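One structure is given below, encoded as structure tokens.
The values are calculated or read from the model by the stated rules, or taken from the named source; none is laboratory data. Values in this document were obtained by computation on a predicted structure and should not be read as measured data. Using ideal geometry, Cβ is built from the backbone for each residue, glycine included, and neighbour counts are taken over all protein chains shown.
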Amino acid sequence: MAATTAPLVWDFYRAVPDAEGLGSVVEYYDESSQSLYLASGLKTQLAMIEAGHWSEAEPGDELTISSDAFTASAWDHPMSGQLYGTAVIGGELVFLRYLYARELTQLLHDGTWRSKNDSQITQTSLTLKNPGADVVLAEGTMFEPGARITVAFCMGNSRPYSVGVAFLDELDFDVQSATFSLSGRNTIGYRLQQQTFDDETTFTGNGHEVVEWIFQRAGIVNYSIGPSTASNDWVFEPGMTFYDGLQKIFEIFIGWDMIETPSGKVVVGYPYWRQQHLANSVYQFRAGTELIKRKTKKNADAAYANVRVTGKDANGAELDPVYLPVETWTHWALGDNKTKHVKAADGMTQQELEDYAAQLAADLARIGVGESFTGPPRPWLLVGDVASIITGGDESTDLGLITSITHRFGDSGYFTDFTVDSGGVATAETRDGTVYATRTASVNGYNRRQDLADLISRIAKIK
């Protein structure tokens, strides 16, 4: 083969502001690039490459990888997902390994992201086009359990709208198949639901202190915990998961709960604290124009006429049971003795037990009317938002609390499915103020019945 007579010529260049030394540019699959350079530490900028037009690519914001005092660096890109480098720091030559994110959009066949009112754990499942065994199965591949997956939507030329962060749980790869599948859970599910207390089972301190202790043991670093004033001696079982341990704490601190923001931050605290990080709101949509499907159900599965709560104080003595009526639909005949019996966590005072019962009665109010909707993608929807429908003119009607959301995306299109339950905080009082939505498992009667119906339907199709 004859050598080319044309020399290699650079026809454009780009200056990096404030750079203190020569850097490197790494190319990722002809779709994006990353500049790495020294500027009071190791800095980077990402650029999206449209149709291979490198000279027109606009670099993104400057990000800090490390603040160490490097005086020189060099990089190599021997394999997918990793960069290897050398650097000089303090007169010593050091080896660097940098793991970067891979854009999966071009590999995406279809996927879902699911969240529900009765759990702080969200799940994602993806089906990707087969890139080859060397990419998926090679040592050091990015497709390994624990890999971080971020899901975000773009609409037109908009910036990505983050839906959530998940960690890879399972991968199913067949080298002869055109696609392969993977699934994952959010930080709460991956870090808290599958790790246990083992030999460290006791802790003395305030609520926020024990939560931070659990987070540090679980390896969670991105979190925000609201203050608490009550101190307690906490005792957990060795085989209890961190997730179940936190639920035990939330039973003591009535109103405390845990959420995860789309950026992956885990937030624990009272509603006012969670509101600062992820605020629920009222979501309005127009009937007939903003929806593809609408389905309505009424069922008495999770509807109750009363609630009866029992518990013990810190000394193990039985507290007086608290029996309260639950607001139901006017024309529904549930039976006067359809009562939800609940045993509260030990250690409450009589007043705390009464407050807990009042909260349960409020959560159970007017449950039983459920609706499911399918529409265009709405990545900003949150579980706990109040759904309000406009049927004519500008008048709107509050339907209830959004109890589950499923985003579907891929080659077959982009859709958002969501269900609404009439219970929860969707009352007239919420329309003019901040919505402090409950995530209680009580408001999920429609979801449980609907999921069972879907399961029966799938089994019937298989037969």
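For the stretch 169-187, taking the residues that are in contact with a Ser or Thr (Cβ under 8 Å, 6 or more places away or on another chain) and in contact (Cβ under 8 Å) with a residue 60 or more places away in the chain, the one that is surrounded by the most Cβ atoms within 10 Å (Cβ to Cβ) is identified as ASN186.
Of the residues making up the stretch 133-147, those that are free of Cβ contacts under 8 Å to residues at least 40 places away in the same chain and surrounded by fewer than 18 Cβ atoms within 10 Å (Cβ to Cβ) are ASP134, LEU137, GLU139, GLU144, PRO145. Condition first: of a type in the set (Lys, Arg) and part of a helix (DSSP H, G or I). Now tell me which residues in the stretch 175-200 satisfy that. If the condition is that a residue be of a type in the set (Lys, Arg) and part of a helix (DSSP H, G or I), then ARG191 is the only one that fits. Restricting GLY21, GLY85 to those that are in contact with a Leu (Cβ under 6 Å, 6 or more places away or on another chain) and modelled with pLDDT under 80 reduces the list to GLY21. Going through the stretch 403-421 one residue at a time, which ones are under 16 Å from the mean Cα position of the chain (by Cα), of a type outside the set (A, V, I, L, M, F, W, C) and closer than 21 Å to ALA303 by Cα? Passing the criteria: THR403, SER404. Is there a residue in the stretch 27-36 that is at pLDDT 70 or above, of a type in the set (D, E, K, R) and in a loop (DSSP other than H, G, I, E, B)? Within the stretch 27-36, not a single residue is at pLDDT 70 or above, of a type in the set (D, E, K, R) and in a loop (DSSP other than H, G, I, E, B). Residue count for the stretch 340-355 under the criterion of being surrounded by 17 or more Cβ atoms within 10 Å (Cβ to Cβ) and either of a type in the set (Val, Ile, Thr) or part of a strand (DSSP E or B) (or both): the result is 1. Counting only strands (runs of 3 or more DSSP E) that sit completely within the stretch 280-331, those holding 2 or more residues that are touching a residue at least 40 places away in the same chain (Cβ under 8 Å) and more than 30 Å from GLY393 (Cα to Cα) correspond to 306-310. At least 1 residues being of a type in the set (Val, Ile, Thr) and surrounded by fewer than 18 Cβ atoms within 10 Å (Cβ to Cβ) is the threshold, and among the strands (runs of 3 or more DSSP E) wholly inside the stretch 201-259 those reaching it are 202-206, 231-235.
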